[in-house]
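Let me begin by presenting the structure, written as structure tokens, before commenting on it.
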Amino acid sequence: MHVLSIENITKSFDGLQVLHGISLHVDKGEAVAVIGPSGSGKSTLLRCATLLERIDTGSISYGGEPVAWDAPAGENGKAAKSVYAGKNELHAIRRRFGLVFQSFHLFPHLSVLRNLTEAPVRVLKIPKERAKEDAMRLLEKVGLSDKAAAYPFQLSGGQQQRVAIARAMALSPEILFFDEPTSALDPELTGEILKVIRTLAAEHMTMVIVTHEMAFAAEVADRVIFMDEGRIIEQGTPKEVLEHSENARTKAFLRKLSDN
Ligand SMILES: Nc1ncnc2c1ncn2[C@@H]1O[C@H](COP(=O)(O)OP(=O)(O)O)[C@@H](O)[C@H]1O
Ligand SMILES: [Mg+2]
């Protein structure tokens, strides 16, 4: 059973088709890196997978629990929009994944500790004391146990992003999504984020990571997916895609990156 199963999804914004039939299956313990030029639909794919955007057609499920599925074609033969599960089902499925954005989206008025305990206490009804213990363990993991009482504005961008990762982990997700987690950071701060993600990979956390850090993708990913213009052009081991690709578009993309 796949942790995440995406089958042939499409998505348009105002008539502009952004995803052209993407399929993606992620197994437990897998780290998948998604690479590709700006505008190729990477964020849209993640936003559809995490229910922030609705797909037009295709299907999505988590651990076999359906999120959305293809509707039968309408009378005019046109594909109807995918059908989504009910509110309660979707609410339960949201607990299965965590999402870390480019910029950190912490609650500005809450301490670091409260940022981490808020959802477990409110959503999962975990007792406050236990939620605090769990939060402290997570802060230790991301190297910020000394910042529990601080507020987000008192932290560097890299520290805020590490809090965001700890917060995503606090709901014990089965899969974590990262959308270019280092791209809003100064180069000297990206290392501390990559280190945290590396630790998660070593613990076999299931992850989908959109990144433009190729060396990092090569190091942590079990599989690299190259997207261009709303399609998966190629996928394989980091070696296959990043070093030995025969695909003209992949090669052009990688060449451009290394020229910069
Ligand atoms: N909410 C939106 N409304 C309209 N167009 C969008 C929206 N989100 C993304 N797009 C468009 O979809 C395309 C893919 O964007 P995106 O998924 O952000 O690509 P990437 O993350 O690979 O850079 C782009 O052309 C972008 O302008
Ligand atoms: Mg993006």
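Key figures for this structure:
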read-out	value
Cross-link partners of Lys132 among lysines (Cα-Cα below 18 Å; sequence separation of 8 or more within a chain)	Lys141, Lys147
Residues Gln102 and Glu246, FRET efficiency given R0 of 35 Å [Cβ-Cβ distance, rounded to 0.05]	0.65
Length released on extending from Thr237 to Ser38, taking residue separation times 0.36 nm less the Cα-Cα span	69.4 nm
Charge dipole (debye, nearest 20) of the chain; +1 at Cβ of Lys and Arg, -1 at Cβ of Asp and Glu	780 debye
Helical contribution to [θ] at 222 nm, DSSP H n ≥ 4, -39,500 (n - 2.57), averaged over the chain, rounded to 500	-10500 deg cm²/dmol
Debye, to nearest 20: dipole size of segment 193-238, +1 on Lys, Arg Cβ, -1 on Asp, Glu Cβ	140 debye
Farthest toward positive dipole pole in segment 101-260 [+1 Lys/Arg, -1 Asp/Glu at C-beta], among Ala135, Val123, Leu189	Val123
Relative contact order [Cα under 8 Å, 6+ residues apart], segment 142-201, whole percent	37 percent
DSSP beta bridges in segment 61-205 [antiparallel fraction, %, rounded to 5]	50 percent
R0 of 22 Å, Cβ-Cβ distance Lys87-Ser12: FRET efficiency to nearest 0.05	0.35
Those residues of segment 142-178 whose amide nitrogen sits under 19 Å from the label point placed on Lys195, 7 Å along Cα→Cβ	142-148, 155-167
Antiparallel bridge percentage (DSSP; both residues within the chain; nearest 5)	60 percent
Mean Cβ count within 10 Å, highest first, over the residues of peptides 141-147, 69-75, 183-189	141-147, 183-189, 69-75
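All of the numbers you see were taken from the coordinates with simple rules; none came from a lab. This is a predicted model, so every value here is computed, not measured. Neighbour counts are summed over all protein chains in view; Cβ atoms, including those assigned to glycine, are modelled from backbone coordinates with ideal geometry.
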